[in-house]
Amino acid sequence: MTFLFSNFQVSETAPLGHLVGSLRGEDEEESRVTFALIHANTSDGTFELDKRSGRIYVGKELDFEVTAEYGLQVRLTEANGATHLLYVRIGVRDENDERPSFTSDPVTFSLSEDTPVGSPVWNLSAVDLDGGLNGLVHYVMSLREPSPKFRINTLTGTIYLQEQLDYESETAYVLVVTATDQGMDPTKRLSNSVTLHVSIGEKKEDSKDFRFSACVPCAENLISYTFFR
Ligand SMILES: [Ca+2]
Ligand SMILES: [Ca+2]
Ligand SMILES: [Ca+2]
């Protein structure tokens, strides 16, 4: 008995019945050889083997995100009864078929108007289950109303304050961030958006700093009051 190895690649979006590869050689005599699938790391018929032609077909829908590689063992029987064992490795090729997704949408948070400029104020994270560039997410802020007080780090998804907030002039902001994967084919990139509602809180006044005096004319006396808050 001899041991032989074969390697095939198939796209995860290959339709049912797609020809993955053929185990049959060029030799005329091989027409009398038969093939039998004796073991697979999945026994659910993901691949079908034609025992006469040695052709392997896709039998069930593939998903790179679930199984990226299969191993099959095939017994090859010659006309004279001699048998050989074939190890067949089938690699599943990733396609960009997963869309980035945010864990929650919309996102709501509040900031004090005295938040220092340059502070990170929120961290967004979108998950894309694809492999490699198909699953690498870039973030872009697509709506910055009413003014560009915020910016986002394209790679990390961290949002920073870039201008001083002022409760008296604006009490809320709506931001829209779009996460797009970096699939090799730019026309097939997938994206998803999230809306952020940011409410601005008034600065907590320090009672030591906040004091004023009022002079109230009262009868003949000028009385001085000091107010604390
Ligand atoms: Ca998939
Ligand atoms: Ca994929
Ligand atoms: Ca993707």
Can you give me the long-range amide H partners of residue 93? Hydrogens built in the peptide plane at 1.01 Å from N, cutoff under 5 Å, separation of 5 or more residues or another chain. 10, 11, 12
What are the residues whose amide H is under 5 Å from the amide H of residue 158, where those residues sit 5 or more places off or on another chain and H is modelled from the backbone? 124, 153
Exposure proxy check on 19, 165: fewest-to-most Cβ neighbours within 10 Å is 19, 165
If you take every DSSP beta bridge fully contained in segment 3-93, what fraction is antiparallel? Give it as a percent rounded to 5. 70 percent
Compute the distance from the alpha-carbon center of segment 93-151 to that of segment 155-182, in whole Å. 10 Å
Rounded to the nearest 0.05, FRET efficiency between residue 78 and residue 18 (Cβ-Cβ, R0 30 Å) equals 0.60
Local charge sum around residue 191 (other residues, Cβ-Cβ under 15 Å, Lys/Arg +1, Asp/Glu -1)? -4
Residue by residue through segment 72-77, which ³J(HN,Hα) values in whole Hz follow from phi under the Karplus form 6.51 cos²θ - 1.76 cosθ + 1.60 (θ = phi - 60°), with glycine and proline marked x? 10, 10, 10, 9, 9, 10
How high is the relative contact order of segment 64-118, in percent, with contacts defined as C-alpha pairs under 8 Å that are six or more residues apart? 32 percent
If the chain between residue 108 and residue 136 were fully extended at 0.36 nm per residue, the gain over the current Cα-Cα distance would be 7.6 nm
Residue 66/residue 172 FRET efficiency (R0 41 Å; Cβ-Cβ; nearest 0.05): 0.45
I want to check the label-to-label distance for residue 154 and residue 93. Put each point 7 Å from Cα in the C-beta direction and report it in nm to one decimal. 2.8 nm
Gain on full stretching of the segment that runs from residue 203 to residue 55 - 0.36 nm per residue minus C-alpha separation: 46.0 nm
Hey, with R₀ at 30 Å, roughly what FRET efficiency would residue 123 and residue 147 work out to, going by the Cβ-Cβ distance, to 0.05? 0.85
Could you list the square roots of 5 times each eigenvalue of the Cα gyration tensor of segment 1-139, that is, the equivalent ellipsoid semi-axes, sorted largest first and rounded to whole Å? 51, 12, 11
Quick one: what does P(r) look like for segment 101-201 with 10 Å bins over all Cα pairs, in whole %? 16, 47, 25, 11, 2
Taking amide hydrogens as modeled 1.01 Å from N in the peptide plane, which residues meet the under 5 Å criterion relative to residue 111, leaving out close sequence neighbours? 199, 200, 201
Once residue 7 and residue 36 are pulled to full extension, the length gained, defined as 0.36 nm per residue separation minus their Cα-Cα distance, is 8.7 nm
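All of the numbers you see were taken from the coordinates with simple rules; none came from a lab. Worth saying up front: this structure is predicted, and the values here are computed from it rather than measured. All Cβ positions, even for glycine, are placed from backbone atoms using ideal geometry, and neighbour counts span all protein chains on display.
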